[in-house]
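Notes follow the structure.
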Amino acid sequence: VPALTAAEAERLDADDPLRPFRRRFRLPPDGPYLDGNSLGALPLATMARLTATVEDEWGTGLVTSWNAAGWFEAPARVGAKIARLIGAAAEEVIVADSTTLNLWKLLGAACLARPGRGTILSEPGNFPTDLYAAEGVARAFGRRLRLADIAEITAAIDEDTAVLLLTHVHYKSADCRDMAALTAAAHARGALVLWDLSHSAGAVPVDLRGAGADLAVGCGYKYLNGGPGAPAFLFASAALQPSLVNPLSGWMGHAAPFAFEDGFRGAEGMRRFLAGTPPVIGLAALEAGVDLLLEAPEAQRVAKSRALGQAWIGGVEALDAGFTLASPRDPALRGSHVSFAHPQAFAIVQALIARSIVGDFRAPDLMRMGFAPIYNSFADIARAIEALRLVMAGEEWRRPAFSERGTVT
Ligand SMILES: *Cc1c(COP(=O)(O)O)cnc(C)c1O
């Protein structure tokens with residue numbers, strides 16, 4: 001792929017059917033934001049929505065808003081909207097808690113649903129919280145966590161596997177896993193599969209129903225643009241739901257929360273996966289982000305995501321500056337971010353940030369850029385390529401300040 005010129009970028013942006021969406025976000029004035037896979041940008045509509053939620057619903061409505069403003073229904077209502085982005089039925093998705101807690105709930109539920117099986121299976125290098133949650137669930141439920149490389153994962157599924165835990169789009173490599181094939185392989189041996197869609201939802205086509213998926217979780221603050229610490233979502237297939245028990249039982253997951261009974265009876269459907277009171281303000285922000293995404297046709301989002309990624313790969317490789325592609329070259333096998341390995345990746349990313357090109361570094365040596373098709377443009381890519389050219393040609397990354405590490409990378 002030849003490097004993208006500014007003129008070509010302008011032409012591609014002029015033809016982009018998603019172009020009008022960019023104006024509906026607040027974006028940094030002087031630099032492309034290429035980290036929407038870590039924290040999505042702020043939709044302008046979210047600010048008005050939050051003001052209304054706080055001033056009118058909370059400030060004026062107070063406790064009556066649980067019914068009158070639909071607060072109680074918000075987890076299921078927003079879940080039903082997210083369902084449309086991930087190939088699920090409306091009643092198969094609910095919004096609650098963080099991805100980490102939802103991993104705990106569904107991994108625990110999977111262990112309880114497969115009582116004779118002693119193993120949670122995952123891959124080394126999976127997202128840390130997924131592995132930490134799996135380790136903790138294994139300890140709490142008397143199971144063991146086994147890790148097998150992705151190339152050997154199918155062979156590693158056996159009669160002892162209770163649940164296979166995989167991330168659909170890998171957070172570093174952007175490798176997109178074959179959900180249908182891996183789910184079928186697990187089912188052939190009687191195991192359940194839990195998919196983490198944190199880097200998939202709103203970014204790549206996901207067809208949970210088509211893949212026969214059992215369980216899934218995902219994040220609200222990446223491509224769904226729900227804001228920092230947005231509540232996460234969880235999915236259980238309609239067929240599986242009746243047999244699942246939420247080990248993190250709480251009153252909001254009770255069949256009759258306002259009957260105030262002493263004993264726990266799980267609610268019908270996905271409501272049983274709620275634990276405590278839903279984060280109403282966070283749900284309002286997430287709903288505004290999801291509503292905006294749902295306005296943009298998926299086929300257009302996917303095509304543009306792939307085109308942006310290809311343009312970035314072509315541009316970086318044309319610089320011939322020692323970067324090695326660490327993501328699939330075939331966009332159909334890739335998520336919506338691209339990682340390049342470089343021994344100086346940390347300092348290079350800092351030098352790019354100093355030029356207002358915001359991407360991120362992932363240890364040990366990856367420069368990772370995320371492309372959110374709803375607000376990134378081809379001009380963003382052209383500017384990032386030009387900035388990277390300057391950073392490499394001028395060896396700007398050598399400045400000592402660019403090697404100092406903050407707490408959050
Ligand atoms: C972002 C991400 C998470 C986030 O978990 P939190 O509980 O929201 O901090 C989990 N898993 C994966 C794969 C992610 O990419």
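Can you give the local net charge around Q350? Use residues other than it whose beta-carbon is closer than 15 angstrom to its beta-carbon, Lys and Arg +1, Asp and Glu -1.
Local net charge: 0.
Looking at the stretch 46-89, which trypsin sites (Lys or Arg not before Pro) are DSSP coil and have at most 16 other C-beta atoms within 10 Å of their C-beta?
R84
In straight-distance terms, cross-link reach from K81 covers every one of the aspartates and glutamates whose alpha-carbon lies under 15 Å from its own, apart from those fewer than eight places away in the same chain; here that gives E73, E91, E92, D207, E287, D291, E295, E298. Fewest-first ordering of H168, H337 by other beta carbons within 10 Å of each residue's beta carbon gives H168, H337. Against the empirical 2.2 N^0.38 Å (N residues), the stretch 132-204 has a Cα radius of gyration ratio of 1.12. Its convex hull of Cα atoms gives the chain a direction-averaged projected area, equal to a quarter of the hull surface, of 20.5 nm². Here L85, L248 are placed in order of increasing Cβ neighbour count within 10 Å, fewest first, which gives L248, L85. Ranked by how many other Cβ atoms sit within 10 Å of their own Cβ, fewest first, the residues D130, D196, D291 fall in the order D291, D130, D196.
For the stretch 364-409, applying the loop criterion from DSSP together with a ceiling of 12 other beta carbons within 10 Å to the GluC sites (Glu not before Pro) yields E395, E404.
Laboratory data are not the source of any read-out in this text; all were calculated from the coordinates shown. Keep in mind that what you see is a predicted model, and the values were worked out from it rather than measured. As a convention, Cβ positions derive from the backbone with ideal geometry for all residues, glycine included, and neighbour counts pool all protein chains shown.
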